[in-house]
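Any read-out appearing in this document is the output of simple, stated calculations on the displayed coordinates, not a laboratory observation. Quick caveat, the model's predicted, so the values are computed rather than measured. Glycine also receives a Cβ, built like all others from the backbone with ideal geometry; neighbour counts cover every protein chain displayed.
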Amino acid sequence: MLGKLTGWDDTIVALATPQGIGAIGVIRVSGSDTIKIVDKLFASKNLSLQPSHTLHVGLLRHNEVVLDQVVISIYKNPASYTGQDVVEISSHGSPYVLETIIKAITANGARLARPGEFTQRAFINGKLDLTQAEAVADLIAANNEAGRRNALQNIRGGFSMVLKLLRDRLLSFSALIELELDFSQEDVEFADRAQLNELLTGAEQITGELILSFALGNVIKNGVQVAIIGKPNAGKSTLLNTLLNENRAIVSPIAGTTRDTIEEVLNIDGIMFRLIDTAGIRTTTNDVVENIGVERSLEKMKQADVVIYLFDVNELGPADLLLISKEMHAKGIKFLLAGNKIDIADANLIGQKFAEIPILFISASQKKHIDILKKRLVDVVITGEINTESTIVTNARHYESLRLVHQSLQEVRQAMDNNISSDLLSLDIRRCLHFLGEITGEITNEDQLDYIFSKFCIGK
């Protein structure tokens, strides 16, 4: 594991609650002089004599001026979030009051914390590994139930445990293989090759499943872009309004009413769908502004994860839809064909007309079959139920390292199949261990840590 880095015991301070007016604001302080610094401002008690994990009410003073009546929470090392002495000051939520308290703390020897520095110290002091630390940021940014549960699973060490078990087993084999090098003249094998082969099979399966889970993890973390595409007056804006259950887009019988894309977010079964209502696509129009809107619609279609191609069942025929489906398939676009305005069409004729094509028939204006459309959207991006009790990879850094781990495991197997010598086999296993260590932070450097934690909020 990464050894303790120097220069991480000075005292830092930051606002831990969001900027703006609130009932309460929380200021966090961590470092070797934390209690001594806060004690200078808190005259009500001698904080250095108080036990850890206790609360204390009193006045904060600086230069004989009362700053606020506060609640002081004490967490003494090592039983704290950072592994250092930590004090949290709960004051009234005036931005001015909070800023005044922070200035008083820095005037007594603390400095302002960098983004993510509290969690970075928790990692350096062994309170969290790197995957758990990154899961803290994921939990803060979670915008749906699946994201929250997955982040909590990783904070509790679900992902770390999977990697640790794999790493420990590879380490034990690596040690045995390296031991063989000390007895190279004896021609003995301490590492059972059959067991190593079995381990490689299991490891390849585990890493393969984790790599595949990234597609779902990306959906959970970032949501799904859904472009609603179709000809003018197909009912795209009406569908957007119906899905959102509000009048977000202007609806008019005049072709070309929607001139630009409109984006809104909808939560369906814990997944965030970013719905994009686009300008109606038609090839002939003299309106310059409408032409720009059409170009943007086509661009959004290319960028979308899923396309809802909406059409008026009273206008388009099977030949048109077959051509559209062929083009979508050729471009590798996931799509749903949705036939709209069934409330003003003959149901029997519709069934006969489109019998050979998989279409979901809806009425956006009458909200008919909209629940089925929502379910189909989920089915297009997710196979089966989301199981956040299992490990789901949501971090691009983890994904890239796992790909390298998987590749290294295959190289170890290839080396064994070719009866490569123990010294070269040991190097291949060490390479695999290196990539595993990069994920959890056993192998890293200060520049990499600074980059990772710079994406955190200041008070975390």
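Here are the numbers for this structure:
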{"item": "³J(HN,Hα) computed for each position of the range 84-94 - Karplus, 6.51 cos²θ - 1.76 cosθ + 1.60, integer Hz, glycine/proline x", "result": "10, 4, 10, 10, 10, 10, 9, 10, 5, x, 6"}
{"item": "Which of LYS221, LYS164, LYS127, LYS236 has the fewest Cβ neighbours within 10 Å, and the rest in rising order", "result": "LYS164, LYS127, LYS221, LYS236"}
{"item": "Sequence-distant residues sharing a close amide H with ASN340 (under 5 Å, placed H)", "result": "PHE311, ASP312, VAL313, ILE362"}
{"item": "Contour excess over end-to-end distance, with Cα ends at GLU246 and GLN410 and 0.36 nm allotted per residue", "result": "53.7 nm"}
{"item": "Gain upon complete extension [ILE140, LEU112; 0.36 nm per residue less C-alpha separation]", "result": "8.0 nm"}
{"item": "Two-site label geometry, THR54 and ARG169: point separation in nm, points 7 Å out along Cα→Cβ", "result": "4.9"}
{"item": "Long-range amide H partners of GLY22 with built H, under 5 Å", "result": "GLY93, SER94"}
{"item": "Whole-Hz ³J(HN,Hα) from phi, Karplus 6.51 cos²θ - 1.76 cosθ + 1.60, for the range 63-80, glycine and proline x", "result": "6, 6, 9, 6, 8, 5, 8, 9, 10, 9, 10, 10, 10, 8, 5, x, 8, 9"}
{"item": "Taking the C-alpha atoms of the range 36-90, convex hull volume expressed per residue in Å³", "result": "71"}
{"item": "Neighbour-count order for LEU424, LEU360, LEU163, fewest beta carbons within 10 angstrom listed first", "result": "LEU424, LEU360, LEU163"}
{"item": "Likely footprinting exposure, ILE35, ILE333, fewest C-beta neighbours within 10 Å first", "result": "ILE333, ILE35"}
{"item": "q = 0.23 Å⁻¹: log10 I(q)/I(0) that the Debye formula gives for the range 12-127, counting C-alpha atoms only", "result": "-1.41"}
